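So the structure is just underneath, and the comments pick up after that.
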Amino acid sequence: MAEISVKREECVGCEACVAACPFGAIAMEDGCATIDLDRCNFCGACVSECPYEAILLVKEEKQEARQAARGVWVFAEQREGAFSTVVFELLGEGRKLADALGDPLCAVAIGHRLQDHVHILFEYGADVVYLADHPELEHFRDDAYTCVFVDLVNQYRPEVCIFGATSTGRSLAPRIAARLKTGLTADCTGLEIQKEERLLIQTRPAFGGNIMATIHCRYRRPQMATVRPRVMKKAEPVPGRRGELVRYELDPSRMAVRTRVLQFVREEVETVNLEDADIIVSGGRGLGDPKNFKYIQDLARAMGAAVGASRAAVDAGWIPYSHQVGQTGKTVSPKVYVACGISGAIQHLAGMSSSDIIVAINRDPDAPIFKVCTYGVVGDLFQVVPALTEEINKAKRG
Ligand SMILES: Cc1cc2nc3c(=O)[nH]c(=O)nc-3n(C[C@H](O)[C@H](O)[C@H](O)COP(=O)(O)OP(=O)(O)OC[C@H]3O[C@@H](n4cnc5c(N)ncnc54)[C@H](O)[C@@H]3O)c2cc1C
């Protein structure tokens, strides 16, 4: 793709480039800089840092590679043929990106027995669906899915690939990016196209949500991002819409897969799935003990809500990680979010502050959660939560 070299006759061995390289790709040999091409990201940091103009980065080659790249790809995450909600959000956003680039919108479906399910991807806007369907791909395994996706990228050379920032997407996308030696921006909250250079402008919160960072991947392709569920708007489906189906023939002998799925154990959930819930009741460290989550579960059941948690409660082992809301957990935007014994740290707010109505129950009147809530109750949750549950149940009975 790109070429970079050191002009030995110009290099004086000052080592400015060694310090400038963010990838540790430059070392000194016999008083002259040498570049490890396996590590080099062709970012050009060394070129601009070299006072002697001794490093040559060939941009024409990059342009060729960039011109060859076409298509916006969405990873169509699924389980047993049911596509994750985030896929339809990515197709909605992907449509805008594809239109801005004048490229097709494509979905990549990897799994088994998907033939009867992929039509929905066309209905939600995909022009092309790449389908890898094989018993070996039935369950998500990083090695296998990475191998298939990378193979597809090498064959069809997309400009942009986007993934849901789910556990699967967060595991898969970095592996693919590393294999393709391209950049990846995780947890984007905004994507747009800068048309002149066909750049994907990726926006994401940084430093605990205190600033918004804008990131682009100028020299490598594809441009890759993960996007948090519930951040982008779902595409509008067009029933009966069709597109081109491209089948990928898997050769299992080419896959170096190090894991086997022995059993798939479903987590028993009594209440509604967090990301799809209209109402969420969350508990934090204020609960004081894992057994006290029963107060949260009782209220959630009464309200027909899902159960969420702060990271403090998850880290204490009181509730599984799948319930965590926040920067390193799930992003949710329900109609009603009830925070019980949660202080309202910025990392927690990052995952729930876009809820329509926030109800906070906390005994500390100065807790930061009161700054973002719609309704606040200053009081002991062990009194307030059971009383609220009782009132709701009474109202339902009545
Ligand atoms: C990189 C990074 C990522 C992070 N990601 C996340 C994330 O995804 N999600 C997340 O939640 N956090 C995250 N955190 C942690 C975050 O900074 C806070 O530590 C965490 O949110 C605190 O959880 P908490 O509010 O339950 O606990 P605390 O901050 O300890 O708050 C407990 C609250 O309970 C109240 N309380 C105590 N007893 C009662 C009672 N009887 N009745 C009523 N109120 C009571 C207290 O007044 C207090 O306000 C992250 C931190 C970092 C550094």
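The values are calculated or read from the model by the stated rules, or taken from the named source; none is laboratory data. This is a predicted model, so every value here is computed, not measured. Glycine also receives a Cβ, built like all others from the backbone with ideal geometry; neighbour counts cover every protein chain displayed. Heavy atoms of the whole protein, side chains included, go into the accessibility calculation; ligands, DNA and RNA do not. Shrake-Rupley method; radii C 1.70, N 1.55, O 1.52, S 1.80 Å.
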Report summary line: In the range 337-356, anything modelled with pLDDT of 95 or more and within 11 Å of Cys373 (Cα to Cα) is listed as Tyr337, Val338, Ala339, Gly344
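Tell me the residue from Ala360, Ala387 that is more than 6 Å from the ligand (Cβ to nearest atom) and part of a strand (DSSP E or B), please.
Working: Ala387 fails: part of a strand (DSSP E or B).
Criteria check complete, one pass: Ala360.
Take residues that are open to solvent by 50 Å² or more (accessible area, probe 1.4 Å) and tell me which of the strands (runs of 3 or more DSSP E) falling wholly in the range 1-49 contain 2 or more.
Working: elements: 3-6, 26-29, 32-35.
Hits in the range 1-49: 3-6, 26-29.
Having 1 or more residues that are of a type in the set (Ser, Thr, Tyr), surrounded by 19 or more Cβ atoms within 10 Å (Cβ to Cβ) and in contact (Cβ under 8 Å) with a residue 12 or more places away in the chain is the bar; report the strands (runs of 3 or more DSSP E) wholly within the range 250-353 that clear it.
Working: elements: 279-283, 306-309, 336-340.
Ranges flagged: 279-283, 336-340.
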Query raised in the report: If you go through the range 308-346 one residue at a time, how many are basic (Lys, Arg) and near the ligand (Cβ under 6 Å from one of its atoms)?
Result: 1
